[in-house]
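Working notes for the structure below.
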Amino acid sequence: MLKDKIQMIKLDRRSSLSLSSQLYNELKSLILDRHFTYREKVCDKAQCAKALGITEIEVSKAFDQLHNENFLIKEDDTYYVNQYDFSSDFFSRIVKVYDAIKAMNLEPSMEEIQRKILRVDHALSQKSKFKVGSKLLYVRRLYKGNGQPLILLDLYYDLELFSNLDQHMNDDTPIYQTLFDHYQTVIKKSHRIVDVVNLPKDIAKIFHVRNQTAGFKVTAETYNQYEQLVEYTEGYSADNYVYEFEINVKEIIQDYKIMNQNI
Amino acid sequence: MEYILIDKTTKEPLYLQIKNAVKTAIINGTLNHMDKLPTERELCEVFDMSVIVAKNAYDELVKEGLVSRIKGKGTFVTTRKTYKVPIHHFYNLEYFSKAAKYELKKRVVLFSMIKYDPTIYHLLHLEVDELCYVAKLVIYLKNEPLLLQTLYLPEKHYKHLNIEKLEQITALEMLQRESVVRPDHIKNVFKAHNLTSAEAQLLKVDDFAPAHYVRSFVYDDQNEPLVLLVSLYPSETAKWEVDLHA
């Protein structure tokens, strides 16, 4: 935590509220107002206590309460801010995962966990709309920000449209770029369903969170310029991930009007 | 059981035909939460099939979490109707009620006034000596809870607030009709949330069930926060749908 943030913390010694509660409230407000970046280190207890002229015990109390409420995470006695937000772009246009992570002021990286060719079975066909029996390339990738897991993507591609995709796909080129370079496919539309699930064991483990922690599950069907289904994805993120979406009140009023006309 | 059609001239296995028919009936609202399914024996009698086939079909439905067997009573639909709502409509509860062709019912479970809460007051830019109403509402559709809403309504914008009003019109409509401030835009933050046992009880879902947590601030054109709403939609009842174009 930088000096300027400590300076933003105001404690009132005449208040009936304890200094640790005041510090707790101030820090929580700073986090909620997004003065921190995700995983930003909160200064160590001694430093914080010294700068604010309070005891380390009082600092501990405030930090621990924020830790209990999931605003901070603790690793080897160091506290990090545990809230971060994704740009509102998520609900408005198709963005590259790397760009989205950069927009959060984090350094993006990617780890490919699995890649294989599979045949569509009944269950996969029902959710993905790919035909039973067709051959797909399945890739599981974990996208990270500053080395921390952010988004897990299970990607499925129709190999009838993209033969040998396996050989063209590499870690350095965005997938949509590869689809364009080798198959002249242009991504046109993506239909997404945003859901919340309790993360299954294997996925919770990847995000270093408790089994059954709630997380987002976003499924997407993506179509090309010929309205062919080119990609099906299931994406996961953990409970410290938030999306923003802004609406104008005028739109709401308009919306109500249109609906009432329809009725 | 008229929602099941068995066609023995096709190649599709019988157990799948039953399973898919029941699933479709649940999705399109023919079958509702806690409706009883025909017994396996009844299925055998009507569709002239073996008990194993009927059992397999129900096993599949149980596996998918759509129905449950209750000992001594039968097999019941235990899933709720899920509303897929375009993200641009999520704040518009009328959209749900239109999709369900049913009226929404609101029930206030808490109505109180807070004197000072550091976080809430900070977020709503309220002074220590100002007052703020807190209300908790459960909103029902077809007698099933759809969402739980906690509203923080500063007293200065809501002079004559009471429980009846809360149940009749939305916080936004009240602002537009009865206050001098002009709501301009709403910022919403979406989070994944595990329901606490109290929240789960009000929403009639399992403890710790996943839910959409939506924190919405209503602002005026000067970007001053007017109202804070926290909505919890269990994943069982609502999913957001969005179409993106490149």
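What follows is calculated from the coordinates using simple rules that are stated; it is not laboratory data. In this text the structure is predicted, and so the values were computed from the model without any measurement. Don't worry about glycine lacking a Cβ; one is built from the backbone with ideal geometry, like all the others, and counts go over all protein chains shown.
With r as the distance between the Cβ atoms of A:LYS205 and B:ASP243 and R0 = 51 Å, compute the FRET efficiency 1/(1 + (r/R0)^6) and round to 0.05.
For B:ASP243 and A:LYS205, the calculated efficiency is 0.95.
Taking chain B as a Gaussian network, Cα atoms linked when under 10 Å apart, which of B:ILE186, B:ILE169, B:ILE139 shows the biggest mean-square fluctuation?
Residue with maximal mean-square fluctuation among B:ILE186, B:ILE169, B:ILE139: B:ILE169.
Give me the Kirkwood hydrodynamic radius of chain B in Å, from all C-alpha pairs, to one decimal place?
Hydrodynamic radius (Kirkwood, Cα pairs) of chain B is 20.7 Å.
Using θ = phi - 60° and the Karplus form 6.51 cos²θ - 1.76 cosθ + 1.60, what ³J(HN,Hα) does each residue of the range B:175-182 get, whole Hz, x for Gly and Pro?
Working through the residues one at a time gives 4, 5, 7, 10, 10, 8, 6, 10 Hz.
Pick from A:TYR176, A:TYR79, A:TYR236: which residue has the top mean-square fluctuation in a GNM of chain A where Cα pairs under 10 Å get a spring?
A:TYR176
For peptide A:237-249, compute the average count of partner chain beta-carbon atoms within 10 Å of each residue's beta-carbon.
6
Shape verdict for the range B:167-230, please, from the Cα gyration tensor: rounded (a/c under 1.5), prolate (a/b greater than b/c) or oblate.
Verdict is oblate for the range B:167-230.
Given N residues in the range A:123-254, what is its alpha carbon radius of gyration divided by 2.2 N^0.38 Å?
So the Cα radius of gyration is 1.19 times the expected 2.2 N^0.38 Å.
Do you know the relative contact order of chain B, to the nearest whole percent, from alpha carbon pairs under 8 angstrom that are 6+ apart?
Value for chain B: 16 percent.
Extending each Cα 7 Å along its Cβ direction at A:GLN212 and B:ASP184, get the distance between those two points in nm, one decimal.
Result for the modelled spin labels: 4.6 nm.
Please compare each pair in A:LYS74/B:LYS187; B:LYS101/B:LYS187; A:LYS10/A:LYS61; B:LYS84/B:LYS136; A:LYS28/B:LYS187; A:LYS250/B:LYS105 to a cut-off of 22 Å on the Cα-Cα distance and tell me which ones are over it.
Too far apart for the 22 Å limit: A:LYS74/B:LYS187; B:LYS101/B:LYS187; B:LYS84/B:LYS136; A:LYS250/B:LYS105.
Grab the DSSP H runs of the protein assembly as shown that are 4 residues or longer, score each as -39,500 (n - 2.57), total them, divide by all residues and round the 222 nm result to the nearest 500 deg cm²/dmol.
-8500 deg cm²/dmol
Taking +1 at the Cβ of each Lys and Arg and -1 at the Cβ of each Asp and Glu, which of B:HIS88, B:ASN143, B:ALA54 sits farthest along the dipole of chain B towards its positive end, judged by Cα position relative to the Cα centre?
Ranked along the dipole, the leading option is B:ALA54.
Could you point to the residue in A:THR219, A:ILE206, A:SER21 farthest towards the positive end of chain A's charge dipole, with +1 and -1 charges on the Cβ of Lys/Arg and Asp/Glu respectively?
The residue sitting most towards the positive pole is A:SER21.
List the residues, sorted by chain then number, that are 5 or more residues from B:LYS81 or on another chain and whose placed amide H is less than 5 Å from its amide H.
So B:LYS81 has HN proximity to B:HIS33.
Ratio of Rg to Rh for the protein assembly as shown, alpha carbon only, Kirkwood?
Ratio of gyration radius to Kirkwood radius for the protein assembly as shown: 1.00.
For the protein assembly as shown, what is the charge dipole size about the Cα centre, in debye to the nearest 20, if Lys and Arg each add +1 at the Cβ and Asp and Glu each add -1 at the Cβ?
It comes to approximately 820 debye.
If you place +1 on the Cβ of every Lys and Arg and -1 on the Cβ of every Asp and Glu, how big does the dipole about the Cα centre of chain B come out, in debye to the nearest 20?
Approximately 580 debye in magnitude.
Among A:TYR157, A:HIS122, A:GLN167, whose Cα projects farthest towards the positive end of the dipole of the range A:120-192, with charges put on the beta-carbon of Lys, Arg (+1) and Asp, Glu (-1)?
Looking along the dipole axis, the top candidate is A:HIS122.
Using θ = phi - 60° and the Karplus curve 6.51 cos²θ - 1.76 cosθ + 1.60, what whole-Hz ³J(HN,Hα) does each residue of the range A:120-130 get, with Gly and Pro shown as x?
5, 9, 4, 4, 5, 5, 4, 8, 9, 6, 6
I'd like the mean, over residues of A:212-225, of how many other protein chain beta carbons sit within 10 Å of each residue's own Cβ.
The mean count of partner-chain Cβ atoms within 10 Å per residue comes to 3.
With the Cα gyration tensor of the range B:1-96 giving a ≥ b ≥ c as the square roots of its eigenvalues, does the rule (a/c under 1.5 for rounded; else a/b larger than b/c for prolate; else oblate) give rounded, prolate or oblate?
Here the range B:1-96 falls in the prolate category.
Per-residue counts of other Cβ atoms within 10 Å, averaged by peptide: what ranking do you get for A:57-64, B:71-78, highest first?
Result, highest mean Cβ count within 10 Å first: A:57-64, B:71-78.
For the range B:74-217, what class follows from the C-alpha gyration tensor (a ≥ b ≥ c being the square roots of its eigenvalues): rounded when a/c is under 1.5, otherwise prolate if a/b is larger than b/c, else oblate?
Taking the square roots of the gyration eigenvalues as a ≥ b ≥ c, the range B:74-217 is prolate.
Suppose each label sits 7 Å from its Cα in the direction of the beta carbon; what would the B:LEU110-B:GLU127 distance come out to in nanometres?
2.8
Check the straight Cα-Cα distances from A:LYS201 and name the aspartates and glutamates below 15 Å, setting aside those fewer than 8 residues away within the same chain.
A:ASP239
Would you please give the FRET efficiency between B:LYS101 and B:GLU167, computed as 1/(1 + (r/R0)^6) with r the Cβ-Cβ distance and R0 = 22 Å, to the nearest 0.05?
Result of the calculation: an efficiency of 0.55.
So what does the Cα-only Debye profile of chain A read at q = 0.08, 0.12, 0.14, 0.16 Å⁻¹, as log10 I(q)/I(0), no solvent term?
Taken in order of the listed q values, log10 I(q)/I(0) reads -0.45, -0.86, -1.03, -1.20.
What dipole magnitude, in Debye to the nearest 20, does chain A give about its Cα centre under +1 on Lys/Arg Cβ and -1 on Asp/Glu Cβ?
320
Tell me, A:ILE6, A:ILE151, B:ILE52 in order of fewest to most beta-carbon neighbours within 10 Å?
B:ILE52, A:ILE6, A:ILE151
Under a GNM of chain B (C-alpha, springs under 10 Å), which listed residue has the highest mean-square fluctuation: B:PRO86, B:PRO210, B:PRO118?
For chain B, modelled as a Gaussian network with Cα springs under 10 Å, the answer is B:PRO118.
Taking amide hydrogens as modeled 1.01 Å from N in the peptide plane, which residues meet the under 5 Å criterion relative to B:ILE114, leaving out close sequence neighbours?
B:CYS132, B:TYR133, B:VAL134
Taking amide H atoms as placed 1.01 Å from N in the peptide plane, list the residues 5 or more away in sequence, or in a different chain, whose amide H sits under 5 Å from that of A:GLN225.
A:VAL186, A:LYS188
How large is ³J(HN,Hα), in whole Hz, for each residue of the range B:22-27 in order, when computed from phi with the Karplus curve 6.51 cos²θ - 1.76 cosθ + 1.60 and θ = phi - 60°, using x for Gly and Pro?
5, 4, 4, 4, 5, 5
Residues with beta-carbon under 15 Å from that of B:ALA198, excluding B:ALA198: net charge, scoring Lys, Arg +1 and Asp, Glu -1?
Charge balance near B:ALA198 sits at -1.
State, to one decimal in nm, how far the label point of A:TYR80 lies from the label point of A:GLU160, with both points 7 Å from Cα in the Cβ direction.
4.5
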